[in-house]
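The values are calculated or read from the model by the stated rules, or taken from the named source; none is laboratory data. Please read all numbers here as calculations on a predicted model, not as lab measurements. SASA here: full protein model, heavy atoms, side chains in, ligands and nucleic acids out. Shrake-Rupley method; radii C 1.70, N 1.55, O 1.52, S 1.80 Å.
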Amino acid sequence: MRKIGFLVFLDCSLLDFTGPLTAFDVANRLHDDPGNKLYQLHVMSELGGILESASGTAVVTHPLDRSPFDTLIVAGGAGPREGVLSANLIDYTRHAAAQARRVASVCSGAFVLAAADLLDGKRATTHWRMATRLQRMYPKVDVDSDKIFINDGKVWTSAGISAGIDLALALIEADHGADLARAVARELVVYHRRPGGQTQFSSLLEMDPPSNRIRQTLSYAREHLHEALSAERLAEIACLSRRQFDRAFSAETGQTPAKAIEKLRAEAARPRVEAGEESLEAIARAVGFDDPERMRRAFLRVFGYPPQAIRRAQRQQEALYR
């Protein structure tokens, strides 16, 4: 039996940890020998006792447990979001991670792992709204703001809220195979793997950089996706030299200009691909990819699937409800 520790915080979103916790609980009930549980679930906080969640619901927790866990999952909360973490908590996280087979985070729990130096040099994700802040606070982390979850070595990170369920399903599949993970997903009435690629809500379309120069440049790019948008042209829009622009843009968005424009175009193209009313050639031209092959390569990088697969998955999903 694998011991799973959930580290939670004041003002946490309940679904951050109850989603994955429920997935593991369902796995316990659905596997071949339900009398022998696959997972032992343990919810704890720094001081233990009752915590108030963001919704006001009380959560009963145990104090920090120094015994080894197979998996430590760190949820989000007010403290992690604001970077207010005690030295004791950071030390505990390092200690628990060193003993664990794997360590994971949901939403702003990534800030705890980063503060404990567990994400240095690794790819990681968090809720799209907090990705830029994570990158600024911890520049040694390679933050990917688009992914639902990321596995890099023994470290797993996921986006916020419901993405914790996707993370738990992936962990269950890694432990006990796709059949059990698929059965758990069916029981929870969620996708085993989200169709159309594992990507979050568009972070770039909603991004609001702190400086007017970069904010206005992104607004201009969104309105002119069908045109050539070189870094030189964007630097002119921002009234900065190319070198100043590249540095400022990366600092405020966590992306290079070229990567950001590619993602903006892919995100603009995706709903049109899913709608299925236009040819892929027409969509590619409309959003600035020029040809379908460039759009296909961009979709693979951004979403993990080519446009044809996303369109096919959308049609299959629509067929289920006819």
Using the heavy atoms of the protein chains alone and a 1.4 angstrom probe, what is the accessible area of the chain per residue in square angstrom?
46 Å²
Considering only DSSP beta bridges whose two residues both sit in the chain, what percent are antiparallel, to the nearest 5?
30 percent
Under the Kirkwood approximation for Rh and a Cα-based Rg, what ratio Rg/Rh is obtained for region 93-162?
0.92
For region 41-119, max minus min Cα coordinate along each principal axis, in Å, sorted largest first?
33, 25, 20
Calculate log10 I(q)/I(0) of region 1-58 for q = 0.19, 0.25 Å⁻¹, where I(q) comes from the Debye formula with a single equal point scatterer on each Cα and nothing for solvent.
-0.71, -0.97
Report Rg (one decimal) and Dmax (nearest whole number) for region 1-132, counting Cα atoms only, units Å.
14.4, 45
Using only the alpha-carbon atoms of region 218-322, report the extent along each of the three principal axes, biggest first, to the nearest angstrom.
53, 24, 21
Quick one: with all protein chains in place, what share of the accessible area of region 38-135 is carbon or sulfur, to the nearest percent (1.4 Å probe)?
52 percent
Provide the solvent-accessible area of CYS107, counting protein heavy atoms only and rolling a 1.4 Å probe, rounded to the nearest 10 Å².
10 Å²
Helix 212-223 against the longest principal axis of the chain: what's the angle in degrees, Cα atoms only, rounded to the nearest 10?
70 degrees
Could you tell me the center-to-center distance, by alpha carbons, between region 1-15 and region 81-132 in angstrom?
13 Å
